[in-house]
Amino acid sequence: MGSVLEGIRILDFGRYIAGPFCGMLLADMGAEVIRIEKIDGSEDRYTIPVGEGADGEYSVGAMFLQMNRNKLGLTLNPMKPQGREIVRKLVATADVVIANLPAPTLKTMGLDYESLSTIKPDIILTAVSAFGSTGPYSHRVGFDGVAAAMSGMMHLTGNPDKPMKAYTPWVDYGTASGAAFGTLAALIHRDKTGEGQIVEGTLLGTALAFNNALLVEQAMVQPDRIGTGNRGQIAAPSDAFCCKDDEWIIVQVIGQPLFERWARLMGEEEQWLSDSRFTDDMSRGDNGAVISERMQRWCAELSREEAIMALEEARIPVGHIYKPSETLQDPHVRDAGFFKEIEYPGAAALAPITETHVRLSRTPGEIRCRPPTLGEHTGQILSELGYDEVAVAELKAARVV
């Protein structure tokens, strides 16, 4: 059986994470995705540099290696008249256009839905922005951290005296995953009705969705929570703990059965299970500092591996707090097939790229090819649109492509 999205063509005008990661997920599932970049390469091509890159590139970035596998590469300046014509010809062949750009920029580039649907009535526009197309902030630009901060996450993640941003841009990746989900739904709708539509993802919308339960709590019972760092607030022990060898683990005890197992592991069932301060998850969360202190004393007497072994035997959720170098060497990470090592011209070493993070048993996503070098498939794509070698050379000389 062929890939699920075989025969679907997607034009990826994305930048950084939210657009390109959406395109990557769809490419993994078999769509032909054309990544369209600036003439000298888009910003994310060079983000987190890990090598010199191929000819014509300033470097190659880890972010680009991750999010642009399985794609064809085209360089294009859509602001020039010849570039706008190429965009029109490409759109006429496409099923989906992905763009994480503000609405005014889409209009200027001819990538707004009205312009696209004039060319191809059943086109799907997957548009990602920081704040969306409506509301008083619709004109603003923003990154992952801005949305995370405005959702309340930074306040709740930090400490009382200082908010704290997550290092990994989870809002970007969540928005991209939601946009890919929306694109698939739009394709199913088009198959049923012949209609295209706009799929709109927003960073703020994703951050609010992921933090929604705590916003519901605030609206309904006004707890006015403040950050407690690694220590959870709705169950305990749920915290990071340092072991005898100065290595760290995370333990998450949520629910009465797990708390009873933890009390037995401590050898103090009567003490913890009869105290009214620890009756349920919320009361344990309210008194989490007391429980974390007891857990820390227990961990301080054991090495990290000894603590993990004991907690695993008690069936209590526990994990290593790894440095990235340790993550790459973890036996489960290595043996369970999470990574595929790929080569890229000019890269310092093989790049461990994660396989599609949602696994299908019959039609799985797969990494079929490395990310494209800068403009690698420009000639091939333009040839399909009817441009001969002389015309392509003239377009390159004029820096249209």
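The values are calculated or read from the model by the stated rules, or taken from the named source; none is laboratory data. Just so we're clear, the structure is a prediction, and the values are computed from it rather than from any experiment. Backbone-built Cβ (ideal geometry, glycine too); neighbour counts: all protein chains shown.
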At least 1 residues that are over 30 Å from ARG140 (Cβ atoms) in each: list the strands (runs of 3 or more DSSP E) lying fully within segment 163-277 that qualify. 238-242, 248-252
For the condition among the polar types (S, T, N, Q), crowded, with 18+ Cβ neighbours inside 10 Å and at pLDDT 95 or above, what is the one hit in THR193, THR202? THR202
Scan VAL97, VAL141 and give me the residue that is in contact with a Ser or Thr (Cβ under 9 Å, 6 or more places away or on another chain) and surrounded by 15 or more Cβ atoms within 10 Å (Cβ to Cβ). VAL97
Of the numbered conditions (1) under 32 Å from the mean Cα position of the chain (by Cα); (2) over 30 Å from THR228 (Cβ atoms), VAL392 fails exactly one; give the number of that condition. (1)
I'm told GLU326 meets every condition in (1) without any contact (Cβ under 8 Å) to a residue 40 or more places away in the chain; (2) over 22 Å from the mean Cα position of the chain (by Cα) except one. Can you identify the failing condition by its number? (2)
Considering GLU57, GLU6, which residue is buried (at least 17 other Cβ atoms within 10 Å of the Cβ), assigned to a loop (DSSP other than H, G, I, E, B), acidic (Asp, Glu) and at negative phi? GLU57
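Just checking, does segment 310-330 include any residue being of a type in the set (Gly, Ala, Ser) and either touching a Lys or Arg at 6+ places or on another chain (Cβ under 7 Å) or over 30 Å from GLU355 (Cβ atoms) (or both)?
yes
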Just give me the residues in segment 230-244 being farther than 15 Å from PHE259 by Cβ and out of contact with any Ser or Thr (no Cβ under 8 Å at 6 or more places or on another chain), in sequence order. ASN230, GLN233, ALA240, CYS242
Yes or no: GLY110 of a type outside the set (D, E, K, R), touching a Lys or Arg at 6+ places or on another chain (Cβ under 7 Å), in contact (Cβ under 8 Å) with a residue 24 or more places away in the chain and more than 26 Å from MET63 (Cβ to Cβ)? yes
What about ARG15, is it surrounded by fewer than 21 Cβ atoms within 10 Å (Cβ to Cβ) and part of a loop (DSSP other than H, G, I, E, B)? yes
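Among the candidates LEU204, LEU214, single out the residue that is within 30 Å of ILE188 (Cβ to Cβ), under 32 Å from the mean Cα position of the chain (by Cα) and in contact (Cβ under 8 Å) with a residue 60 or more places away in the chain.
Criteria check complete, one pass: LEU204.
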Of (1) part of a helix (DSSP H, G or I); (2) under 24 Å from the mean Cα position of the chain (by Cα); (3) in contact (Cβ under 8 Å) with a residue 12 or more places away in the chain, SER292 satisfies all except one. Which? (2)
Within segment 219-247, track down each residue that is touching a Cys at 6+ places or on another chain (Cβ under 9 Å) and crowded, with 18+ Cβ neighbours inside 10 Å. PHE241, CYS243
Scanning for something within 25 Å of ILE123 (Cβ to Cβ) and over 20 Å from the mean Cα position of the chain (by Cα), does segment 45-59 turn up at least one residue? no
